[in-house]
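Enquirer: Here it is: the structure, laid out below.
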Amino acid sequence: MKSFLSRFGSLVLFVVSGFDRLRLAGESRLLNHSLGVQSYLWQRQIPFKDFPAVAEHLTKTLRKQTDALAVEQGIPFRYLNSPDIDKEATALELAPRAPARLGPIALLACVESCSTYRLRKNERGLIEPRKEPARCLHYYHYFQHERFGLCYVRIQSWFPFSVRIGLNGRQWLYRQLEQRGIDFQRKGNLLLHVQDPTQAQTLLDEQRHADWPTLLQQLVQPIHPLWAYLHDTVRTPYYWMTEQSEWATDFVFRSPADLARCYPRWIRHGIETLSCKDVLRYLGKKVSDHGYGNCSHEAKIDLRTRTEGTRLKFWYGTNSLKIYDKEAQALRIETTINDPKGFQVFRTKEGEASDAPKSWQQMRKGVADLDRRAEVSHAANNRLAESLASVADTTPLGKLLEPLCQPVFDKNGRRARALNPLAGPDGELLRCLADGEFLLNGFRNRDLRTKLCQATKDPAERRKQAATITQKLALLKAHGLIVKVQKTHRYRLSAGGQRITTTLLTAYEADVNCFAAAA
């Protein structure tokens, strides 16, 4: 982001990064699989043959009390004949008829797909509950919430009564700004102007560290007729998860004309220059000349022109990274994570005490890892912004690399030799640093040693290799290409280092015909 702002800072009014759309889910860990349902029935002393009647009774209770609550509070109700109907627009259409206050504004009902349990015979001929796809009635409770702004809670009316919650981080921000008396202007979920951009960013950052289980309980409990039964009576509480998260970085331009002038160049760069390897690197995947590491999903780039504008989207599996000209006023870079399994979080292992040693573990869907999701997404946005800055920069490659080709002196006055960034060991080292494996978590001496040195079991040879890598790290640090991460043995690329390595990698992999055409 620093490189992007150094290039376009005079055109940008302000920058904010934070959650856009969040889709959260509440499901019971016990009731989420067949064996758990069997355990629930055994604890309640309910025979398998009576399970359908018990489930039907709970469904009738939920529907009866939901309808009664809507009548009691005067909430407008509408049944939708199709799940494809825009529910938010329908809720806002009903909202003026509701009392002019914060709180519930509409209740919608619609038959949609779900997962539920039916009795089926097993291989021994005995009946047991089995999880199957089905369709059932879902209730959508829409709110103008005092904290979240416009949001909804969807409750499944069939066992196991799963919950889905939809909210928007920008709507949440607007409520925070209003409560603090900070002047702002918005258009949809784009912040066009704010009196104090620094405070706005601080408020967005606070959303990452919210007490999510408590907030979601406060939102759902008052409208869920079976909350006490599930949590207190049968002790099958909801486990809160993030099904989908969108992290958006908005570069709000001073003039739409400036954005319109630059945006086509970024789109052209994404289509003509970036490859699937770049998509993997931006999303923190391992990419090298020898393959794609453990990448098992399809990577693709998609360009689509809509009435709102042109957007460029990079996919890896179900996760994506995209850019678009939001409201013709801002460049929005947005990372969407649907599947967090490919990322890691530094935490204790599942089931261990909180004071147990931490290590890098697979990221979970649980809201406990939502802050790490934001960190990963923000890093992906920054990497793409770095690429856009380097492409839009009109500085010739020779001028960009010229400082590297001159000796420099470090902060202790020691002379460091010049680099040869295009070829030889120096070129290989710089291309190695652009590897997606290092962009997310940085790199250590041993990481570069594995990449650049021949494997050996001789301790003396390993020490010699480590000393060689230490010298290379000192050289890169003297040239300002890397910085050390405090209180760790890790390094990361500086803003200038990211700009240079991105440009070098693009030039290294470009076809010679590209240069001939530009000559």
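The values are calculated or read from the model by the stated rules, or taken from the named source; none is laboratory data. This one's a predicted model, so the numbers in the text were calculated from it and none came from an experiment. FYI the Cβ positions are ideal-geometry reconstructions off the backbone, even for glycines, and counts take in every protein chain you see. Accessible surface is based on the protein model in full, side chains and every heavy atom, while ligands, DNA and RNA are left aside. Shrake-Rupley method; radii C 1.70, N 1.55, O 1.52, S 1.80 Å.
Enquirer: I'd like to know if region 240-257 contains one or more residues that are farther than 30 Å from GLU386 by Cβ, in contact (Cβ under 8 Å) with a residue 60 or more places away in the chain and surrounded by 13 or more Cβ atoms within 10 Å (Cβ to Cβ).
Expert: Yes, region 240-257 contains a residue that is farther than 30 Å from GLU386 by Cβ, in contact (Cβ under 8 Å) with a residue 60 or more places away in the chain and surrounded by 13 or more Cβ atoms within 10 Å (Cβ to Cβ).
Enquirer: Which numbered condition in (1) open to solvent by 30 Å² or more (accessible area, probe 1.4 Å); (2) at pLDDT 85 or above is the only one that THR348 fails?
Expert: (1)
Enquirer: All but one of (1) open to solvent by 90 Å² or more (accessible area, probe 1.4 Å); (2) under 27 Å from the mean Cα position of the chain (by Cα); (3) over 30 Å from HIS193 (Cα atoms) hold for ARG21; which doesn't?
Expert: Checking ARG21 against (1) open to solvent by 90 Å² or more (accessible area, probe 1.4 Å); (2) under 27 Å from the mean Cα position of the chain (by Cα); (3) over 30 Å from HIS193 (Cα atoms), the one that fails is (3).
Enquirer: Cβ contacts < 9 Å: first residue within 14 Å of PHE159 (Cα to Cα) and open to solvent by less than 60 Å² (accessible area, probe 1.4 Å), restricted to region 30-58; second residue hydroxyl-bearing (Ser, Thr, Tyr) and assigned to a helix (DSSP H, G or I), any location; separation 6+ or different chain. Result?
Expert: Here the result reads LEU30/SER39; LEU30/TYR40; LEU31/TYR40; LEU58/TYR229, each pair linking region 30-58 to a residue that is hydroxyl-bearing (Ser, Thr, Tyr) and assigned to a helix (DSSP H, G or I).
Enquirer: Out of all the residues in region 113-136, which are open to solvent by less than 20 Å² (accessible area, probe 1.4 Å) and closer than 23 Å to PRO83 by Cα?
Expert: Those that are open to solvent by less than 20 Å² (accessible area, probe 1.4 Å) and closer than 23 Å to PRO83 by Cα: CYS114, THR116, TYR117, ALA134, CYS136.
Enquirer: For region 143-155, which positions are open to solvent by 10 Å² or more (accessible area, probe 1.4 Å) and part of a strand (DSSP E or B)?
Expert: Within region 143-155, PHE143, GLN144, HIS145, LEU150, TYR152, ARG154 meet the criteria.
Enquirer: Report yes if some residue within region 236-244 is of a type in the set (S, T, N, Q), farther than 28 Å from VAL15 by Cα and part of a helix (DSSP H, G or I); otherwise report no.
Expert: Scanning region 236-244 turns up no residue that is of a type in the set (S, T, N, Q), farther than 28 Å from VAL15 by Cα and part of a helix (DSSP H, G or I).
Enquirer: Can LEU422 be described as of a type in the set (A, V, I, L, M, F, W, C) and at pLDDT below 85?
Expert: Yes; evaluated as a whole, the condition is true for this residue.
Enquirer: Can you report the number of residues in region 372-396 which are over 24 Å from LEU280 (Cβ atoms) and in contact (Cβ under 8 Å) with a residue 24 or more places away in the chain?
Expert: 0
Enquirer: Could we say that TRP212 is under 30 Å from GLY36 (Cα atoms) and touching a Cys at 6+ places or on another chain (Cβ under 8 Å) here?
Expert: no
Enquirer: Here's something else I'd like to know. List, please: which pairs have Cβ atoms under 6 Å, are six or more places apart or on different chains, and start with a residue in region 454-474 that is more than 26 Å from LEU404 (Cα to Cα) and end with one that is hydrophobic (A, V, I, L, M, F, W, C)?
Expert: That search, which allows pairs on different chains as well, returns nothing.
Enquirer: Another question about this same structure. Quick one: how many residues across region 466-492 are closer than 19 Å to ALA434 by Cβ, in a helix (DSSP H, G or I), out of contact with any Phe, Trp or Tyr (no Cβ under 9 Å at 6 or more places or on another chain) and open to solvent by less than 40 Å² (accessible area, probe 1.4 Å)?
Expert: The number of residues fulfilling the criteria is 2.
Enquirer: I'm told PRO160 meets every condition in (1) at pLDDT 95 or above; (2) farther than 21 Å from ARG21 by Cβ; (3) open to solvent by 30 Å² or more (accessible area, probe 1.4 Å); (4) touching an Asp or Glu at 6+ places or on another chain (Cβ under 9 Å) except one. Can you identify the failing condition by its number?
Expert: Of everything listed in (1) at pLDDT 95 or above; (2) farther than 21 Å from ARG21 by Cβ; (3) open to solvent by 30 Å² or more (accessible area, probe 1.4 Å); (4) touching an Asp or Glu at 6+ places or on another chain (Cβ under 9 Å), PRO160 misses just condition (3).
Enquirer: Collect the residues in region 308-324 that are touching a helix residue (DSSP H, G or I) at 6+ places or on another chain (Cβ under 8 Å), closer than 17 Å to TRP266 by Cβ and open to solvent by less than 30 Å² (accessible area, probe 1.4 Å), keeping them in residue-number order.
Expert: LEU312, PHE314, LEU321, ILE323
Enquirer: Could you run through region 181-199 and say how many residues are assigned to a strand (DSSP E or B) and either open to solvent by 90 Å² or more (accessible area, probe 1.4 Å) or not aromatic (Phe, Trp, Tyr) (or both)?
Expert: So the answer is 8.
Enquirer: Listed residues TYR292, TYR324, TYR282; which is modelled with pLDDT under 75 and aromatic (Phe, Trp, Tyr)?
Expert: Testing whether each residue is modelled with pLDDT under 75 and aromatic (Phe, Trp, Tyr) leaves just TYR292.
Enquirer: On to the next question. So which residues in region 325-345 are open to solvent by 30 Å² or more (accessible area, probe 1.4 Å) and either in a strand (DSSP E or B) or not basic (Lys, Arg) (or both), if there are any at all?
Expert: Matches in region 325-345: ASP325, LYS326, GLU327, ALA328, GLN329, ASN338, ASP339, GLY342, GLN344.
Enquirer: Go through (1) in contact with a Phe, Trp or Tyr (Cβ under 9 Å, 6 or more places away or on another chain); (2) under 21 Å from ASN32 (Cα atoms); (3) free of Cβ contacts under 8 Å to residues at least 24 places away in the same chain one by one and return the number of the condition ARG186 breaks.
Expert: In the conditions (1) in contact with a Phe, Trp or Tyr (Cβ under 9 Å, 6 or more places away or on another chain); (2) under 21 Å from ASN32 (Cα atoms); (3) free of Cβ contacts under 8 Å to residues at least 24 places away in the same chain, ARG186 misses (2) alone.
Enquirer: Kindly provide the set of residues from region 362-400 that are aliphatic (A, V, I, L, M), in contact with a helix residue (DSSP H, G or I) (Cβ under 7 Å, 6 or more places away or on another chain) and farther than 13 Å from PHE343 by Cβ, ordered by number.
Expert: Within region 362-400, VAL367, LEU384, ALA385, LEU388, ALA389, VAL391, ALA392, LEU397, LEU400 qualify.
Enquirer: So, one more: Can you work out which of the residues in region 378-431 that are in contact with a strand residue (DSSP E or B) (Cβ under 7 Å, 6 or more places away or on another chain) and part of a loop (DSSP other than H, G, I, E, B) is nearest to THR506 (Cα to Cα)?
Expert: Step by step, filter region 378-431, then rank; the result is PRO407.
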